[in-house]
Amino acid sequence: MQKGESAVSVALAAIVLLAFIAMHRRWQPVSLKEMASSAEDFILTTTGLRGQVPEISGYEKVKTFRLGRYRAGLYRASPAPLIFAPGRFVIYDPDGRPAFRIETLEGSKEAWTAVYDFAGRHGLTPAGSRARPNYVSDLTGEGEPEMVVGQYSGGDHCCTIATILELGKDSVRVIGRIGSLDGLPFEGLALQRVDKDPAWELIAYRPYRTLCGTHDDAADVPSVYGYVNGQYADQTAQHVEFLRELLRKNLEKWSEEKNRSLQLLQTIAAAYAELGQREEAKRLFAMNLPLLLPSLQQKGVDPNACLDDAEGLLNRLASVVP
C-alpha cells in the first residue's frame, strides 16, 4: 500500500508542477488529459542541467536548436510507424525546464517541423552548409529575440502553420500564427520590411486554384502580416503600395512573351481584384486568356468553364483592399 500511495503522490505532484510551469511559462494550451499523461515523462526525464536538451521517454530526439539563452528539442514518438508519427517541439529555459511546447506531426524518415534560419535561404539551412544557423532575430524592433516555427501537416499541397514566438527574459509567448501556407516550411513565407516601421513584415503567398488548370497554374496571392499591438496580424489592406509594386513587376514579366503563362495571368488578375479593381481584373483575364488557348486545349480545359470559375475567384478576392 505504501508503494501505491507513493506512486500516486508522485503522479499528483508531477501534474501540479507541470500545471504550475504551464501557467508561468505560458505554454500553448493543452487539455488536462494531455497534461496528466505527459507530466511524468517530462519531470522524470528532464535532467535540470543548464543548457541541456533532455530526453523524453517514448520519444527520440530528432534535432536540437540554440535559441540564445533558450534551447529547444524536436522529438518524434519512437518507434515511429511507416509514414508519420506524433512529435513534440519543446523550448527549455536556461535551467533545463520546459518553457513552451507544441504538439507536432513528423514524418517517420524526416522531420516535418522546422525553425526559420535567418542566415539560410528562404528560412532553411542549405544542405551541407558549414555556416552556423541563426534561429532568432529581433523581428518586432522592440529589442526581444523572436523565432518562427513551421509545422507541416503532411497533406498534399497543404498545409503549414507558422508560429511566431517571442523569447522574453522570463517567458516564451506566441505573438502570431499564419495558417494555410502551401507546402513544407517555409515555401510560402517571406520576411520583408514593407514600410518604414522597424518591425519586419511576414508575407504569406497562398495559391488560389481554379478550373483553368492544375495547382501549378494557381494564382499566387500575397497577404501581409504586420506587428500591431503586440501581435502579428493580417494587415494586407494597409499595404496598398506593396501590392501595387508586386503587380507592376508581374505586368513587366507579362510584357515579355516568353514569360506568359496561365499562372502569371491568374496572379495578375487576382492582384487587380485584391486591390479592389474587380472589373479591371475580369476584363484583363478575359482579353488575355485567348493567348493561352493552346495550353488550355492541351489540358482539356473548357475556356468557358475557366472564365466562370476565375470570375468567381476574382469576386471572392475583391474588397481585400477597400
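The values are calculated or read from the model by the stated rules, or taken from the named source; none is laboratory data. Please read all numbers here as calculations on a predicted model, not as lab measurements. FYI the Cβ positions are ideal-geometry reconstructions off the backbone, even for glycines, and counts take in every protein chain you see.
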### Query
Would it be correct to say that residue 269 is more than 14 Å from residue 217 (Cβ to Cβ), surrounded by 20 or more Cβ atoms within 10 Å (Cβ to Cβ) and in contact (Cβ under 8 Å) with a residue 40 or more places away in the chain?
no
### Task
List every residue pair whose Cβ atoms lie under 8 Å apart, where the two residues are 6 or more positions apart in sequence or sit on different chains, the first residue falls within the stretch 120-132 and is basic (Lys, Arg), and the second residue, located anywhere, is surrounded by 13 or more Cβ atoms within 10 Å (Cβ to Cβ).
132/119
### Task
Restricting attention to strands (runs of 3 or more DSSP E) lying wholly within the stretch 90-164, give those where 2 or more residues are among the charged types (D, E, K, R).
98-107
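Pick from the stretch 203-229 the residues that are part of a strand (DSSP E or B) and small (Gly, Ala, Ser): which of them is nearest to residue 158 (Cα to Cα)?
Of everything passing the filter in the stretch 203-229, 204 is nearest to residue 158 (Cα to Cα).
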#### Entry: helices (runs of 4 or more DSSP H) enclosed by the stretch 250-322 - at least 2 residues per element that are charged (D, E, K, R)
278-288, 303-317
### Message
Among the residues that make up the stretch 107-127, is at least one of them over 19 Å from residue 184 (Cα atoms) and more than 18 Å from the chain's Cα centre (by Cα)?
### Response
no
### Query
Across the stretch 126-169, which residue is modelled with the highest pLDDT among those that are charged (D, E, K, R) and farther than 22 Å from residue 199 by Cβ?
132
### Query
residue 232 fails exactly one of the following numbered conditions: (1) surrounded by fewer than 20 Cβ atoms within 10 Å (Cβ to Cβ); (2) outside any helix (DSSP H, G or I). What is the number of that condition?
(1)
### Summary
residue 238 passes all but one of the listed conditions (1) at pLDDT below 95; (2) in contact with a helix residue (DSSP H, G or I) (Cβ under 7 Å, 6 or more places away or on another chain); the exception is number (2)
### Query
Within the bounds of the stretch 76-84, is there any residue that is touching a Lys or Arg at 6+ places or on another chain (Cβ under 8 Å) and at pLDDT below 95?
no
### Query
Given 206, 260, 193, which one is on the phi < 0 side of the Ramachandran plot and without any contact (Cβ under 8 Å) to a residue 12 or more places away in the chain?
193
### Query
When you scan the stretch 78-89, how many residues do you find that are surrounded by fewer than 22 Cβ atoms within 10 Å (Cβ to Cβ) and touching a residue at least 24 places away in the same chain (Cβ under 8 Å)?
5
### Task
Collect the residues in the stretch 164-189 that are under 24 Å from residue 314 (Cβ atoms) and either in contact (Cβ under 8 Å) with a residue 40 or more places away in the chain or touching a helix residue (DSSP H, G or I) at 6+ places or on another chain (Cβ under 6 Å) (or both), keeping them in residue-number order.
178
### Query
Only one of (1) in contact with a strand residue (DSSP E or B) (Cβ under 8 Å, 6 or more places away or on another chain); (2) closer than 19 Å to residue 165 by Cα; (3) part of a loop (DSSP other than H, G, I, E, B) fails for residue 197. Which number is that?
(2)
### Query
What about residue 161, is it under 23 Å from residue 72 (Cα atoms), free of Cβ contacts under 8 Å to residues at least 40 places away in the same chain and among the hydrophobic types (A, V, I, L, M, F, W, C)?
yes
